[in-house]
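K.L.:
So that we are looking at the same thing, I have put the structure below in structure tokens.
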Amino acid sequence: MNFRGPCHKGASAIHNLKELQLQGNRFSGSLPGDIGLCPHLNRLDLSSNRFSGALPESLQRLSSMHFFSLSKNMLAGEFPQWIGSLTNLEYLDLSSNGLTGSIPSSIGDLKSLRYLSLSNNKLFGIIPTSMASCPMLSVIRLRSNSFNGTIPEGLFDLGLEEVDFSHNGLVGSIPSGSSTFFSSLRTLDLSSNNLTGHIPAEKGLSSNLRYLNLSWNNLESRMPRELGYFQNLTVLDLRNSALVGLIPADICESGSLNILQLDGNSLMGQIPEEIGNCSSLYLLSLAQNNLSGSIPESISRLNKLKILKLEFNELTGEIPQKLGILENLLAVNISYNKLVGRLPVGGIFPSLDQSALQGNLGICSPLLKGPCKMNVPKPLVLDPYAYGNQGDGKKPRKVSSHPARFHHHMFLSISTIIAISAAIFILFGVILISLLNLSVRKRLAFVDHAMESMCSSSSRSGILSTGKLVLFDSKSSPDWISNPEALLNKAAEIGQGVFGTVYKVSLGSEARMVAIKKLFTPNIIQYPEDFDREVQVLGKARHPNLLSLKGYYWTPQLQLLVSEYAPNGSLQAKLHETIPSTPRLSWANRFKIVLGTAKGLAHLHHSFRPPIIHYNIRPSNILLDENLNPKISDFGLARLLTKLDRHVISTRFQSALGYVAPELACQSLRINEKCDIYGFGILILELVTGRRPVEYGEDNVLILNDHVRFLLEQGNVLDCVDPSMGDYPEDEVLPVLKLALVCTSHIPSSRPSMAEVVQILQVIKTPVPQRTEFF
């Protein structure tokens, strides 16, 4: 049957109706209210139709109902607060609708409830603790809603078989539960939340657990070795969960795993040789970690393996030739490591795409510029003496207190012509941007004044509504929510940026220091759903070199972003605003800032689809923690301002003259990752030279990019190095400067990706006697 159209009243005429099953049709319109007048109805299944509107309140009279399914419709309105009156209910499925509101505490009155699915709705609030009072409950599915708060204590003591709380905003730790929980549980999916703390695996050694997904959380813990002893575990997904430490050697002790996904964490050390004990494994993904050492030859014992992902690590050595015997292997990615040598000759390896191999600089393959040559000259960027006079055979100094001068004959080379052309192009861009700034200055002033007027008038009239507070970190305190603006006084202000004013604020009883950015967007972002959607994405962008977003506060008149506090301020202040007696940054610290910033940007560009583009890379947006590790701030905030005038936005950015890619000077506004890479190149030049990207003299304008490029062509590029940083290794500084010039190419397609930049920087930092093995 395939009925369509409205479902008319008339069910109540069938007084003894016990079952009504009309699933899988095309009924539309509202649910007939007289269904609630069938006192003997115990099974109602109207799933997979097109019903809309709210649930009729008359349904609460169906006290005899055991089975209630309205999933996959278009129902709206609030979740029924009367649900607790259906005391005989065993099966409740309202998933894949548009229901709003919160789950009432009366759900704890459903003592016979075994199956609960409310996934894919618009529900919010906390998961009621009364749910732990449903003793028969075995399946809970609350996926893809907006629940916040913690997982109720006691819920995991019910003997559950399946729990899916994924894609919500839950915080706090994962309850350890009782031994009953792990002995009965088969599926646990808590992915895409903001959970913290350790993984409670110590009680699950005799577990029936088959599927465990804790990906996209903020656990910041080590992998427990006990996970390897879960006898029935077939899928373990811990991607992007801020895991640290080593991969336990026991991870494959049970031999039951089919899928092991650990990518996007901060795992370090070697891949354990015991990985070869995962005899049932067909997907192994360890990408985007800090793993080192060689690829274990024991992987060749994984006869069922179909997918192997090891990209974006620091793996070294040769690829084991025995991997060529894996006949079932369908996909391999080993890009962006430090691997060398020949590819295995068997299996999938001869047909691998170049993208699966690039960024290693030492792999020999026909796809990577021909056959093996172990004495290939170093690439220009990585050869510090390519522009020097090498005829005398002397080795240059390794460390210098004064910049060395290189002398050689001048030739009008292709690179010289390109540099001159680039200089003309950029100079034209500078002039054009200046004219644009003049033409829109009044327009900007008008917009800013309008925004300030809206804020002040709202405050005077007292219309600031109660805001929506969302905290991604359970350690934060909401004590300040009643009057958030009281904390944002002039004394607490620590800076201003393109997007707003930043304040240093102490939160909670523990006086936890955070930074709060008051956005310059009052009355612009009118819909909390739009704001929530974008900020939730940014909240999940976790990386050691990204400023962690802790939460946000929203009203139509006031939007605040709560983030971690960086005690050492901005790189801008360290480079240009310190007093003479302040110790300057050493080369080691400057290189650490360059590499860390590159890793943070690479995470934004390569770990998200679509990529998160910063669009405003400059020293004021690079903050420094207590150990001078860089933290990129303001990333992705351009996504929040889509309702602002695009021309005004671009002009605000272009006010940061010298950091903006030349292609944006003509207002094309074709924003992509290459714009960030240009700004990153300028940032490198600023760090190495200590000079600003554009400096105005009495009779001339110095454009840093052109100046360094000219000195490189002259053979005197080390003359531009900031003398205040003291001794520095020339064989690191020179290739870093060359890399910066490649990043600032006026042709966007000539700029490397950030993943390639990270790889090059890691090779530059490799001690010279070891570095030769990569070329």
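The values are calculated or read from the model by the stated rules, or taken from the named source; none is laboratory data. Everything numeric in this text was worked out from a predicted model, so none of it was measured. Don't worry about glycine lacking a Cβ; one is built from the backbone with ideal geometry, like all the others, and counts go over all protein chains shown.
K.L.:
List the strands (runs of 3 or more DSSP E) that sit entirely inside the range 196-312 and contain at least 1 residues that are of a type in the set (S, T, N, Q), at negative phi and in contact with a Leu (Cβ under 8 Å, 6 or more places away or on another chain).
P.N.:
Per the criteria, 211-213, 259-261, 266-270, 283-285, 290-292.
K.L.:
Can you spot a residue in the range 558-577 that is without any contact (Cβ under 8 Å) to a residue 40 or more places away in the chain and of a type outside the set (A, V, I, L, M)?
P.N.:
Yes, the range 558-577 contains a residue that is without any contact (Cβ under 8 Å) to a residue 40 or more places away in the chain and of a type outside the set (A, V, I, L, M).
K.L.:
Need at least 2 residues that are within 29 Å of Trp554 (Cβ to Cβ) and at pLDDT 75 or above per element, so show me which strands (runs of 3 or more DSSP E) inside the range 613-715 make the cut, counting only ones lying wholly within it. Let's see the steps before the verdict.
P.N.:
Details: elements: 622-624, 630-632, 694-696, 701-703.
Here the list reads 622-624, 630-632.
K.L.:
Grab the strands (runs of 3 or more DSSP E) fully contained in the range 74-191, keeping just those with 1 or more residues being touching a Leu at 6+ places or on another chain (Cβ under 8 Å).
P.N.:
Counting at least 1 such residues, we get 91-93, 115-117, 139-141, 146-148, 162-164, 187-189.
K.L.:
Return yes or no: is Ser52 part of a strand (DSSP E or B) and modelled with pLDDT of 90 or more?
P.N.:
yes
K.L.:
Could we say that Pro735 is crowded, with 21+ Cβ neighbours inside 10 Å, out of contact with any Gly (no Cβ under 6 Å at 6 or more places or on another chain) and within 26 Å of Cys675 (Cβ to Cβ) here?
P.N.:
It is true that Pro735 is crowded, with 21+ Cβ neighbours inside 10 Å, out of contact with any Gly (no Cβ under 6 Å at 6 or more places or on another chain) and within 26 Å of Cys675 (Cβ to Cβ).
This table checks each residue for (1) out of contact with any helix residue (DSSP H, G or I) (no Cβ under 7 Å at 6 or more places or on another chain); (2) within 25 Å of Tyr336 (Cβ to Cβ); (3) polar (S, T, N, Q); (4) surrounded by fewer than 16 Cβ atoms within 10 Å (Cβ to Cβ).
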position	(1), (2), (3), (4)
Pro567	yes, no, no, yes
Ser570	no, no, yes, no
Ala573	yes, no, no, no
Glu577	yes, no, no, yes
Thr582	yes, no, yes, yes
Ser586	no, no, yes, yes
Phe591	no, yes, no, no
Val594	no, yes, no, no
Lys599	no, yes, no, no
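K.L.:
Which of the residues spanning the range 601-619 are surrounded by fewer than 21 Cβ atoms within 10 Å (Cβ to Cβ) and either free of Cβ contacts under 8 Å to residues at least 12 places away in the same chain or of a type in the set (Ser, Thr, Tyr) (or both)?
P.N.:
Those that are surrounded by fewer than 21 Cβ atoms within 10 Å (Cβ to Cβ) and either free of Cβ contacts under 8 Å to residues at least 12 places away in the same chain or of a type in the set (Ser, Thr, Tyr) (or both): Ser607, Arg609, Pro610.
K.L.:
A further question on this structure: Report whether or not Ala541 is in a loop (DSSP other than H, G, I, E, B) and in contact (Cβ under 8 Å) with a residue 12 or more places away in the chain.
P.N.:
Answer is yes for this residue.
K.L.:
What number of residues within the range 90-128 satisfy the criterion of being under 18 Å from Gly149 (Cα atoms), of a type in the set (A, V, I, L, M) and touching an Asp or Glu at 6+ places or on another chain (Cβ under 9 Å)?
P.N.:
Result for the range 90-128: 1.
K.L.:
Additional query: Residues of the range 253-270 being of a type in the set (A, V, I, L, M, F, W, C) and under 23 Å from Lys304 (Cβ atoms), which ones?
P.N.:
Of everything in the range 253-270, those that are of a type in the set (A, V, I, L, M, F, W, C) and under 23 Å from Lys304 (Cβ atoms) turn out to be Leu257, Ile259, Leu260, Leu262.
K.L.:
When you check Pro344 against the structure, is it assigned to a loop (DSSP other than H, G, I, E, B), touching a Pro at 6+ places or on another chain (Cβ under 9 Å), modelled with pLDDT of 70 or more and more than 30 Å from Cys743 (Cβ to Cβ), yes or no?
P.N.:
yes
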